[in-house]
Amino acid sequence: MATISMFYGIIISMMYMDNKQHALPHIHADYQGQSVVLSIPDGDILAGALDSRKLKLVRAWIEIHHEALLADWELAVNGKTIFTIDPLR
């Protein structure tokens, strides 16, 4: 798993070759022992849970960086190096 961004104590990561369990593009977000998997297209929760305030921040970040996240997803599922994405400011 590669960390692609970090903001407000939230670590955002993407796993290489990770299209088996959740077929659609997604990210992993971790915050103080809480973990959630969110779809990139719509920010829906695929697994796990996250504090509601932090979840809103992550969903806003997904919306802002939607295109870059999809580009990273394509790289990741093909086992290629992914790029970091600017944090939420």
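The values are calculated or read from the model by the stated rules, or taken from the named source; none is laboratory data. Since this is a predicted model, take the numbers as computed values, not measurements. Here Cβ is always computed from backbone atoms with ideal geometry, including for glycine, and neighbour counts include all displayed protein chains. Accessible surface is based on the protein model in full, side chains and every heavy atom, while ligands, DNA and RNA are left aside. Shrake-Rupley method; radii C 1.70, N 1.55, O 1.52, S 1.80 Å.
Taken over the stretch 50-62, the residue count meeting the criterion of being open to solvent by 60 Å² or more (accessible area, probe 1.4 Å) and farther than 14 Å from ILE12 by Cα is 2.
Could you check, for the stretch 68-89, whether at least one of its residues is closer than 13 Å to TYR8 by Cβ and in contact with a strand residue (DSSP E or B) (Cβ under 7 Å, 6 or more places away or on another chain)? Among the residues of the stretch 68-89, at least one is closer than 13 Å to TYR8 by Cβ and in contact with a strand residue (DSSP E or B) (Cβ under 7 Å, 6 or more places away or on another chain), which makes the answer yes.
In the stretch 1-55, of all residues being among the charged types (D, E, K, R) and touching a residue at least 12 places away in the same chain (Cβ under 8 Å), the one that is farthest from GLU67 (Cα to Cα) corresponds to ASP51. Evaluation of ILE62 against the conditions (1) aliphatic (A, V, I, L, M); (2) closer than 23 Å to GLY79 by Cα; (3) part of a loop (DSSP other than H, G, I, E, B) shows that the sole unmet condition is (3). Here ALA76 clears all of (1) in contact (Cβ under 8 Å) with a residue 60 or more places away in the chain; (2) surrounded by 14 or more Cβ atoms within 10 Å (Cβ to Cβ); (3) not in a helix (DSSP H, G or I) except the condition numbered (3).
Count, please, the residues in the stretch 14-37 that happen to be on the phi > 0 side of the Ramachandran plot and either modelled with pLDDT of 95 or more or open to solvent by less than 70 Å² (accessible area, probe 1.4 Å) (or both).
Of the residues in the stretch 14-37, 2 are on the phi > 0 side of the Ramachandran plot and either modelled with pLDDT of 95 or more or open to solvent by less than 70 Å² (accessible area, probe 1.4 Å) (or both).
Entry remark, the stretch 63-73: residues being within 10 Å of the chain's Cα centre (by Cα) and surrounded by fewer than 12 Cβ atoms within 10 Å (Cβ to Cβ) number 0 in total. Out of all the residues in the stretch 6-59, which are assigned to a strand (DSSP E or B), among the small types (Gly, Ala, Ser) and more than 17 Å from GLU74 (Cα to Cα)? The answer is ALA29, SER35, ALA47, GLY48.
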